[in-house]
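**Student:** Let me give you the structure first, and then I'll get to my questions.
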């Protein structure tokens, strides 16, 4: 896959920080300490690791270095376009200056040949009022590379319908809408994400449980941002039972992504190879879909 041009549409900056980059950010960390803190067996453990990494990002320059190193890895994989998710809700939870953090990572985009756009993520289990500043900031800085708003965190603890009004306002302000759904919670969660206007579904693999939902996704050409290794690592699916092939055969648009490559020990190219090797999916066709469904193409 290294020679095929492709896009990465579902990847979290904070989950892309490799051990060596963390040690650049904080030289007091040992490789053993990082390995212990980022080892997890399920979704709850993954979130704990994600938070641990986030706590190491203390200054805007730390985010900038993380972005720089990640963009280098994207370019090495022949990624030409990426929509990178910044966990803005967590930045605010840490009582950091979101504008300073965003400026730091946005300034890194001039260093890379990859076209970078940003998705700002609110933390869904903290509720709509905690999310509102994220939505307002995304709208304010839409002209600076922010293309969409999304929801991350614990799916069951923060139902998508809590955010119906905020999503409507974001759409009216010119932002695209994405939502994690159908990862650890069933197909109802995907229906709710669609009800608030999500244009792409993060993960969405539990859609396979509802034939009517599968048909809706097919007929409306709403892509699922599928992250196979992530799903296996969090226990959302096993590799044997992963529904990506069934969804693809049913006509649902599929985009392959790495999600949190450092925390799941994967790469985007590796995910394409996995999809082709284990599920017989054509990597070149998947790469074309990734470029088609980016919001840069939509605009």
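**Student:** Scanning for something under 16 Å from the mean Cα position of the chain (by Cα) and part of a loop (DSSP other than H, G, I, E, B), does region 154-171 turn up at least one residue?
**Tutor:** yes
**Student:** Taking the conditions exactly as written (in contact (Cβ under 8 Å) with a residue 40 or more places away in the chain, part of a helix (DSSP H, G or I), touching a helix residue (DSSP H, G or I) at 6+ places or on another chain (Cβ under 8 Å) and under 19 Å from residue 82 (Cα atoms)), does residue 262 satisfy them or not?
**Tutor:** For residue 262, the condition - in contact (Cβ under 8 Å) with a residue 40 or more places away in the chain, part of a helix (DSSP H, G or I), touching a helix residue (DSSP H, G or I) at 6+ places or on another chain (Cβ under 8 Å) and under 19 Å from residue 82 (Cα atoms) - is met.
**Student:** Also, I was wondering about something else. Determine if region 5-14 includes at least one residue that is surrounded by fewer than 16 Cβ atoms within 10 Å (Cβ to Cβ) and either at pLDDT 95 or above or in a loop (DSSP other than H, G, I, E, B) (or both).
**Tutor:** Among the residues of region 5-14, at least one is surrounded by fewer than 16 Cβ atoms within 10 Å (Cβ to Cβ) and either at pLDDT 95 or above or in a loop (DSSP other than H, G, I, E, B) (or both), which makes the answer yes.
**Student:** Scan 173, 218 and give me the residue that is farther than 30 Å from residue 270 by Cα and surrounded by fewer than 20 Cβ atoms within 10 Å (Cβ to Cβ). Steps first, please.
**Tutor:** On the way: 218 fails: farther than 30 Å from residue 270 by Cα.
It is 173.
**Student:** Follow-up question, since we're still on this one. Scan region 182-200 for residues that are in contact with a helix residue (DSSP H, G or I) (Cβ under 6 Å, 6 or more places away or on another chain) and farther than 16 Å from residue 235 by Cβ and jot them down. Walk me through how you get there before you give the answer.
**Tutor:** Restricting attention to region 182-200, the residues satisfying the condition of being in contact with a helix residue (DSSP H, G or I) (Cβ under 6 Å, 6 or more places away or on another chain) are 182, 184, 186-187, 190, 192-193, 196-197.
Scanning region 182-200 gives 187, 190, 192, 193, 196, 197.
**Student:** Residues in region 27-43 that are out of contact with any helix residue (DSSP H, G or I) (no Cβ under 8 Å at 6 or more places or on another chain) and surrounded by 13 or more Cβ atoms within 10 Å (Cβ to Cβ): how many?
**Tutor:** Total satisfying the criteria: 1.
**Student:** Under 8 Å between Cβ atoms, at least 6 apart or on separate chains: pull out the pairs that start in region 162-182 with a residue that is under 23 Å from residue 296 (Cβ atoms) and end on any residue that is modelled with pLDDT under 95 and assigned to a strand (DSSP E or B).
**Tutor:** Cβ pairs passing all conditions: 180/152.
The values are calculated or read from the model by the stated rules, or taken from the named source; none is laboratory data. Please read all numbers here as calculations on a predicted model, not as lab measurements. Quick reminder, even Gly has a Cβ in these numbers, built from the backbone with ideal geometry, and neighbours come from all protein chains shown.
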